[in-house]
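Working notes, structure below.
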């Protein structure tokens, strides 16, 4: 059969996806975060690099020209130590702001890029030592698996693309490099540094594009790996539903709740119509808020007995009308009006029953009073 041969033709269910996620099986590109961090680092170097180099140059120059920074002002014990510590603090404060911006941006980029791929995923079990990973046979199989082959091909592809991008960028700057010897030393250094940064920037952009393509492939492969057979779909449904005893118990509880809902409106009824033992229907009418009577409870057999019992406890008239009781039970749901679902002759019969109920309780048809339980 197709199922026995592993014919996986169904997309993974939400439960299967959640189970795989809890095991750490998610679609993720290992290179996307690194590529984005590299790209942002190069952009930050291109924007903040000149400022940092200038600050470092000025600071080094001042230190070399003024050696008194590290000479004690007096011969008191510990004065040299205090001088060095103050110089160290000044150095940290001077470079802390630009460097902190640099590293904080890179850290946030790495965090956000991972969260964007898989969201927040806490797997403490993955931190435990698993000695099965040390099995040489399993390691040998992983080395020569299809996944390892794909990674090797992706690595070779990245090297080829990055090499082509770097060569294309350098080739466009060969003329400037050849004529750089005619310029001053600082200009040569600036030109070469800028050329290297442009090469790195274009390579980083290429790596980001490759990583995005890898992410698309990983998501496709993840969906393919988690596809399910017909038998797996049936097994999951059985496990989700539980054993037959649990289902039966749940069904009984639902039926019990439905029975309670069918009789709980009886205390609000003005009259209970019966046939006399099989059916019982509670009917209510308020001339100020209703155009026609509504059904507030109904039941058959045991539920009919419960409705008659509740009616007796609340002094609600119980009147026998076989045809009317059956029609109300079959055609009108709880909370519905008798019109237009009932034929005119039944509505007339119900009006007579309501009038008799009012006569028995001494209530006028327009009397808005309600009995208290």
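The values are calculated or read from the model by the stated rules, or taken from the named source; none is laboratory data. Given the structure is predicted, the values throughout are model-derived calculations rather than measurements. All Cβ positions, glycine included, derive from the backbone under ideal geometry; neighbour counts span all protein chains shown.
Checking residue 236 against (1) modelled with pLDDT of 90 or more; (2) in contact with a helix residue (DSSP H, G or I) (Cβ under 9 Å, 6 or more places away or on another chain); (3) surrounded by fewer than 18 Cβ atoms within 10 Å (Cβ to Cβ), which test does it fail? Against the list (1) modelled with pLDDT of 90 or more; (2) in contact with a helix residue (DSSP H, G or I) (Cβ under 9 Å, 6 or more places away or on another chain); (3) surrounded by fewer than 18 Cβ atoms within 10 Å (Cβ to Cβ), residue 236 comes up short only on (1).
For (1) touching a helix residue (DSSP H, G or I) at 6+ places or on another chain (Cβ under 6 Å); (2) in a loop (DSSP other than H, G, I, E, B); (3) at pLDDT 75 or above; (4) over 24 Å from residue 218 (Cβ atoms), each residue gets a yes or a no:
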{"site": "139", "(1), (2), (3), (4)": "no, no, no, no"}
{"site": "142", "(1), (2), (3), (4)": "no, no, no, no"}
{"site": "147", "(1), (2), (3), (4)": "no, no, no, no"}
{"site": "151", "(1), (2), (3), (4)": "no, no, yes, no"}
{"site": "157", "(1), (2), (3), (4)": "no, no, yes, no"}
{"site": "160", "(1), (2), (3), (4)": "no, no, yes, no"}
{"site": "165", "(1), (2), (3), (4)": "yes, no, yes, no"}
{"site": "170", "(1), (2), (3), (4)": "no, no, yes, yes"}
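Taken over the range 25-36, the criterion of being assigned to a helix (DSSP H, G or I) and either on the phi > 0 side of the Ramachandran plot or crowded, with 18+ Cβ neighbours inside 10 Å (or both) is satisfied by 32, 33, 35, 36. When each of 265, 282 is tested for being touching a strand residue (DSSP E or B) at 6+ places or on another chain (Cβ under 8 Å) and touching a residue at least 40 places away in the same chain (Cβ under 8 Å), the lone residue that passes is 265.
Given the structure, is residue 327 in a helix (DSSP H, G or I) and without any contact (Cβ under 8 Å) to a residue 12 or more places away in the chain?
No; evaluated as a whole, the condition is false for this residue.
Just to be sure before I move on: is residue 269 closer than 17 Å to residue 360 by Cβ and within 49 Å of the chain's Cα centre (by Cα) in the structure I sent? When the stated conditions are applied, residue 269 passes them.
The single condition among (1) assigned to a loop (DSSP other than H, G, I, E, B); (2) modelled with pLDDT of 90 or more that residue 309 does not meet is (1). For residue 80, are the conditions met, namely being surrounded by 12 or more Cβ atoms within 10 Å (Cβ to Cβ), modelled with pLDDT of 75 or more and not in a loop (DSSP other than H, G, I, E, B)? Here the answer is no, as residue 80 does not meet what is asked.
Just one residue in the set 102, 95 is modelled with pLDDT of 75 or more, within 19 Å of residue 41 (Cα to Cα) and assigned to a helix (DSSP H, G or I); that residue is 102.
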